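Here is the structure we will look at, set down as structure tokens.
Only the coordinates and a few stated rules stand behind these numbers; no lab work does. Everything numeric here is computed off the predicted structure, so don't read it as measured data. FYI the Cβ positions are ideal-geometry reconstructions off the backbone, even for glycines, and counts take in every protein chain you see.
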Amino acid sequence: MKALGIRAGEIGAQLIDAASPSDVGDNQVLLKTLYTGICGTDRGITSGQLKFARPQAGSDFLIMGHEGLAKVQKVGRMVKTIEEGEIVVPMVRRPGNCLQCRIGRQDNCDDGDFVEAGIRGKDGFMREYFLDEERFLVRVNGNSIGRLAVLTEPLKNVVKSFDVYRTVSRRSIAQCDDGSFDCRRVTVAGGGPIGILFAMIFKSYGFDVQLFDRNDHLGKLDRISKRLGIGFKISEGTGLPPDLMEGFDVFVDTTGSPSVIGKGLEGLAHNGRMILFGTSTGGSYPLTGDAIISLIEKNVTIMGTVDGSKSHYIEALTYLSSWKEMFPGALEDMITQEAAPQDSIAALNTKVPGEIKRVIKWS
Ligand SMILES: [Zn+2]
């Protein structure tokens, strides 16, 4: 079967002919991959920039792919909740032995002793077939969202961030005087898939959302923003758009740019909340004494969040079904390109103009 991955110590993805899984263990499920999404992490792995990427123990080749959607081909004798023919989303992070991992919250792992499919220490889903355990599979109930379910994995990160946002936001009242969130301004930095999904989740609760990016991806971001009923602005360089410098109650960073985050912090309103999700490998921005005083005096909360638990995957599927109706065409607009496995290396290496989310169609 075809499998896409990277050899340890080398740069650049390879499409190899890998052995197909044979025996299905009692607790295992045999899956046929339908789609895998391509994201910045995959590109970071193939370019050698993500230093923590590694093959699973005993192998020198990492099969990539962590945004998966698959169809159940066969289930083991002891599998109870999943049936042949069902569509599932496989989870990325697999637990280690710390307390958080033992209670199914490996997204909050205490010691970093976990593995992640397609990223570090475990083969991923960019292959035609794979075996997995029942407990790491999330069932896509019904089939009405089709290939949009491939967005479950990126969205579960956003759902967890929103969960964290709501938990820590209890420190002060976030609602407006009519009980809604209409008066609360949210600024989202970065119009990639994660930025758009953050805009969607806040907008679906009624927040006043503004999204910005350095370019509009051939008009795509403008169009998606109109479908969502949010504002879209273009920023220059590593700054914020001139008319979007301050007064926001929530600032969501998906760029990882220290200067965007620094300026975002400076522009937060009193009781402002900052969500950090984007990562980058360079740059700096000064944290001055005056800025620290301002963060304290304004009761600012900064939260970094990563990954998500199984419940966040399940919630993500509920959001996708509801957003399909709430924001007609917006989710469909995000999946801009579909590549065949034989074109997957080119798809990984080159981002085409206007691309938001590219997927590989395996079957
Ligand atoms: Zn752990």
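Figures for the structure shown
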| item | result |
| --- | --- |
| Diffusion coefficient, µm² s⁻¹, Stokes-Einstein with Kirkwood Rh over alpha-carbon pairs of the range 1-150 at 10 °C and 1.306 mPa s | 100 |
| Of Met200, Met78, Met64, the one that fluctuates the most in a GNM where the chain has Cα springs shorter than 10 Å | Met78 |
| Estimated vicinal HN-Hα couplings, Hz - the range 170-184 in sequence order (Karplus 6.51, -1.76, 1.60; Gly, Pro = x) | 5, 5, 8, 5, 9, 6, 7, 6, 9, x, 8, 10, 4, 8, 8 |
| Bins of 5 Å, starting at 0 and running to the largest distance - Cα pair percent for the range 173-298 | 2, 11, 22, 24, 20, 12, 6, 2, 0 |
| Alpha carbon Rg of the range 76-223, scaled by the compact-globule rule 2.2 N^0.38 Å | 1.28 |
| Residues in the range 124-163 reached by a label modelled at Gln73 [backbone nitrogen below 12 Å; 7 Å Cα→Cβ] | 127-132 |
| Length-normalised contact order for the range 71-189 - Cα pairs under 8 Å, 6+ apart - percent | 20 |
| Estimated distance in nm for a label pair at Asp333 and Arg102, the labels positioned 7 Å out from Cα along Cα-to-Cβ | 4.8 |
| Karplus (6.51, -1.76, 1.60) ³J(HN,Hα), θ = phi - 60°, over the range 41-58, in Hz, Gly and Pro reported as x | 4, 4, 5, x, 5, 6, 8, x, 7, 8, 6, 7, 5, 7, x, 6, 3, x |
| Over 32 Å between alpha carbons, listed pairs Lys324/Lys361; Lys2/Lys203; Lys226/Lys351; Lys80/Lys361 | Lys2/Lys203 |
| The chain - Kirkwood radius from inverse mean 1/r over Cα pairs (Å) | 21.3 |
| Lys51/Glu10 FRET efficiency (R0 22 Å; Cβ-Cβ; nearest 0.05) | 0.95 |
| Highest-MSF residue in the chain out of Arg214, Arg171, Arg223 [GNM, Cα springs under 10 Å] | Arg171 |
| Whole-number percent relative contact order across the range 173-298, with pairs defined as alpha carbons under 8 Å at least 6 apart | 21 |
| Protection proxy ranking of 289-297, 5-13 - average other beta-carbon atoms within 10 Å, highest first | 5-13, 289-297 |
| The chain: angle of helix 193-204 to the longest principal axis, Cα-based, in degrees nearest 10 | 60 |
| Environment charge of Thr33, counting only residues whose C-beta is closer than 9 Å and scoring Lys/Arg +1, Asp/Glu -1 | +2 |
| Projected area, mean over directions - the range 121-177, Cα convex hull, nm² | 7.3 |
